[in-house]
Every structure is written in C-alpha cells, then in structure tokens.
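We did not get these values from a lab; they are worked out from the coordinates using the rules stated. Computed from a prediction, not measured in an experiment: that's the story for all the values here. Every residue, glycine among them, receives a Cβ derived from its backbone with ideal geometry; neighbour counts consider all protein chains shown.
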Amino acid sequence: MYFSITVPYVPTPHDVVRAMLRLAGAGPDDIVYDLGCGDGRILVIAVKEFGVKKAVGIEIRDTLYEEALRNIRSAGVDDRAHVIKADFFEVDISEATIVTLFLLTSVNNRLKPKLEKELRPGARVVSHEFTIPGWRPERTEHVRDSNYLTHTIYLYVIGRHRL
C-alpha cells in the first residue's frame with residue numbers, strides 16, 4: 001500500500017510536537033514511532049527534550065528520508081533516533097509505546113487495524129489535527145503555535161480507545 005501521495009507533507013510546528021509528546025507522557029522508558037516522519041523533528045525533540053529510550057521514524061519519500069537523517073545526525077541523537085525508508089503500513093511497530101501521527105482521517109482509519117494488532121495495551125497514539133474514526137480520545141488539547149494558529153491534538157490509549 002502506498003498512501004503518502006495522498007498525504008501532503010506539512011511539518012508539525014515545534015510547539016505542537018512538544019505538546020504531543022507532553023500529552024503522551026513521553027519519558028525515558030518510551031519508544032516513539034513517528035509514522036510519516038518528514039524531516040525527523042519529532043524524533044529529535046523526543047530524544048533531546050523528553051529523553052526517550054528510542055525514536056523511530058518511517059518515511060517513504062526519498063528527500064524527506066535524507067533530510068530526517070541529516071537532522072538526526074546534526075542534532076547528535078543518531079545513537080537513539082533512526083529513520084526507516086519504507087511504507088509505514090509495511091513496518092512492524094510493535095515495540096512502540098508511543099505512536100505519533102499527522103495524517104489524514106482517511107489514512108488514520110486505514111491504520112486502525114494495524115495499530116490494534118501491533119500495539120500493546122497502554123500504548124499511546126497521538127494524532128495532530130485528525131481523529132481516528134471510531135476511537136474515543138482519552139484527551140483532546142488545543143495548542144497555539146508561534147504563529148498564533150490553533151492546532152488540535154488527540155491522545156488515544158490502546159485498550160481504552162474503543163467507543
């Protein structure tokens with residue numbers, strides 16, 4: 001399955017990245033997976049500012065994959081942050097304790113079976129702007145970025161996510 005053509009690349013503002021990781025309670029015991037990681041900013045912030053054990057990005061676009069690798073190296077977090085060049089539907093994410101998303105609702109809907117099959121109970125899924133249809137968010141927050149635009153983030157917890 002190849003979906004990234006239908007998902008435009010729009011980087012998540014740094015303020016929103018921090019709010020997403022805060023909402024998920026990211027910390028030293030966590031393994032963060034960012035599906036469609038773009039330039040790798042979530043991975044870098046997760047490791048540098050939240051001290052997560054490991055951060056893995058999955059990116060299918062060549063230019064963004066290369067940019068994420070460069071950003072991880074220049075931030076000095078390549079010992080704990082990695083990028084996989086692949087379709088995220090094809091990558092095993094079962095070690096994740098936190099999954100971050102900035103995808104369309106239709107893609108989130110298609111991801112539901114994978115998330116439910118591979119993630120353990122208690123794993124957190126944080127989605128920027130787009131809901132996961134049929135799931136109940138544990139919390140919803142509105143975050144204002146540095147340009148004074150408001151973003152909505154949704155926290156889902158596997159095992160407590162069903163309506």
- Item | Taking the chain and dividing mean pair separation by its residue count, relative contact order in percent (alpha carbons under 8 Å, at least six apart) | 22 percent
- About its Cα centre, the chain carries a charge dipole, from +1 on Lys and Arg Cβ atoms and -1 on Asp and Glu Cβ atoms, whose size in debye to the nearest 20 is 480 debye
- Between rounded, prolate and oblate, where does region 96-163 land on the alpha carbon gyration tensor, with a ≥ b ≥ c its root eigenvalues, rounded for a/c under 1.5, else prolate if a/b exceeds b/c? prolate
- Message: Let's test the formula: R0 of 25 Å, r as the Cβ-Cβ distance of R136 and R73. What FRET efficiency results, to the nearest 0.05?
- Response: 0.05
- Rounded to the nearest Å, the spacing of the alpha-carbon centers of region 1-76 and region 100-114 is 16 Å
- Message: What aspartates and glutamates does K85 reach when the alpha-carbon gap must be under 16 Å and sequence neighbours fewer than 8 apart in one chain are set aside?
- Response: D34, D39, E59, D62, E66, E67
- For S106 and V91 in one chain, what is 0.36 nm times their gap in residues minus the Cα-Cα distance, to one decimal in nm? 3.5 nm
- Can you find, among S106, H82, I158, the residue farthest towards the positive end of the dipole of the chain? Put +1 on the C-beta of Lys and Arg, -1 on that of Asp and Glu. I158
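Listing Y9, Y156 from the residue with the fewest other Cβ atoms within 10 Å to the one with the most, what is the order?
Ascending Cβ contact count within 10 Å gives the list Y9, Y156.
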- If contacts are Cα pairs under 8 angstrom and at least 6 residues apart, what is the relative contact order of region 54-101 in percent? 48 percent
- Run the quick spin-label model on T152 and K117: label points 7 Å from Cα toward the beta carbon, then report their separation in nm to one decimal. 2.9 nm
- Item | Cβ-defined net charge surrounding G38, 10 Å radius [Lys, Arg +1; Asp, Glu -1] | -2
- Rounded to the nearest 500 deg cm²/dmol, what is the calculated helix-only ellipticity per residue at 222 nm for the chain, with -39500 (n - 2.57) per DSSP H run of length n ≥ 4? -9000 deg cm²/dmol
- For a paramagnetic label modelled at 7 Å from the Cα of E49 toward its Cβ, which residues of region 133-147 fall within the zone defined by backbone nitrogen distances under 16 Å? 142-147
